[in-house]
Amino acid sequence: MKEHIAQELDKTRIMEPYVEIAAAWSNWTDIACLDSGEMIGVIFGDTRAKDSRGAGRRLMASEIRACAKIVLGRYGKVKRLPTLLWNFMMTEMKLLINRPETDAEIMLLLVDSRQRGKGIGRTLVDRFVNNALEAGSKRMSVYADDLASNWHFYESYGFKRAGLFFDNWSTYYNGERSMGIRFILDLDRRQRT
Ligand SMILES: CC(C)(COP(=O)(O)OP(=O)(O)OC[C@H]1O[C@@H](n2cnc3c(N)ncnc32)[C@H](O)[C@@H]1OP(=O)(O)O)[C@@H](O)C(=O)NCCC(=O)NCCS
């Protein structure tokens, strides 16, 4: 499954570490499929508080594991390895350091490019929001970059901007200056759908 998701995100395999980190760090996975069984959308989410030291350490461990696999070539050959690792780690560090105090987080959300605009993304987020409300979560966060991510979707859903930082990874990956955006959704004010 991770290869399929990574391919949809990008034609190279370098998105695979992101998928692995998201999968390792989630307690909610929801998949949208066609009647044929073909997967057309996925969400990884987490409803555990992230501000504890143990949580930070576990997340860091999965990132170090991903870096080790990049170095070992498990995701295929990459050019300019030190630059890639530096930018990957810088963005991950900034995400860890600036982690807002939320008790739910969307780790990864993706809908097949041929199936977008049909409400699948909204349904996947609705279902995760319901799960978070049931788990007693109060605030949900998500990170997006301003070049490759569809951050408009989150604004249209009701998420508010909670932080902006220079995104090393997105800048490296997209070849132009890019910012990372932290979004927060106040779940207190939301009703179950
Ligand atoms: C983000 C993503 C999952 C949205 O999935 P989707 O199934 O196309 O979204 P929906 O059809 O459910 O749209 C839900 C709402 O968001 C709005 N929306 C979606 N894309 C939008 C865009 N680019 N600009 C403005 N609004 C947008 C829709 O108009 C819709 O609003 P409505 O319910 O008021 O009509 C999809 O675009 C995607 O996979 N993008 C690539 C990966 C990505 O960017 N992931 C998120 C960032 S990490």
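Taking the Cβ of each residue in T29, T91 as the centre, tally the other Cβ atoms inside 10 Å and list the residues starting with the fewest.
Lowest count first: T29, T91.
Arrange F153, F44 by Cβ neighbour counts within 10 Å, fewest through most, would you?
F153, F44
From the cross-link list K118/K160; K94/K138; K94/K118, which pairs have alpha carbons spaced over 30 Å apart?
From the list (K118/K160; K94/K138; K94/K118), the Cα-Cα distance tops 30 Å for K94/K118.
So what is the 222 nm mean residue ellipticity for the chain from helices alone, if each DSSP H run of at least 4 adds -39500 (n - 2.57) and you divide by all residues, rounding to the nearest 500 deg cm²/dmol?
-13000 deg cm²/dmol
Placing +1 at every Lys and Arg Cβ and -1 at every Asp and Glu Cβ, with all other atoms neutral, what dipole size does the stretch 2-189 have around its Cα centre, in debye to the nearest 20?
It works out to roughly 560 debye.
For the stretch 110-193, what is the convex hull (Cα atoms) projected area averaged across all directions, in square nanometres?
It is 6.1 nm².
Test of understanding: in a Gaussian network model of the chain with alpha carbons linked when under 10 Å, which of R127, R114, R177 would top the mean-square fluctuation ranking?
R114
Quick one, can you get me the convex hull of the C-alpha atoms of the chain expressed as volume per residue in Å³?
Each residue corresponds to 119 Å³ of Cα convex hull volume.
Among A144, A132, A61, whose mean-square fluctuation peaks in a Gaussian network model of the chain (Cα, cutoff 10 Å)?
In the Gaussian network model the winner is A61.
Quick check on the stretch 56-123: what are the equivalent-ellipsoid semi-axes from the Cα gyration tensor, as sqrt(5λ), descending, whole Å?
27, 20, 11
Counting other C-beta atoms within 10 Å, which of I181, I120 has the fewest, and how do the rest follow?
I120, I181
Each reported figure results from applying straightforward, stated rules to the coordinates on display, with no laboratory input. Everything numeric in this text was worked out from a predicted model, so none of it was measured. A quick note on method: Cβ atoms are made from the backbone with ideal geometry, for glycine too, and the neighbour counts reach across all protein chains shown.
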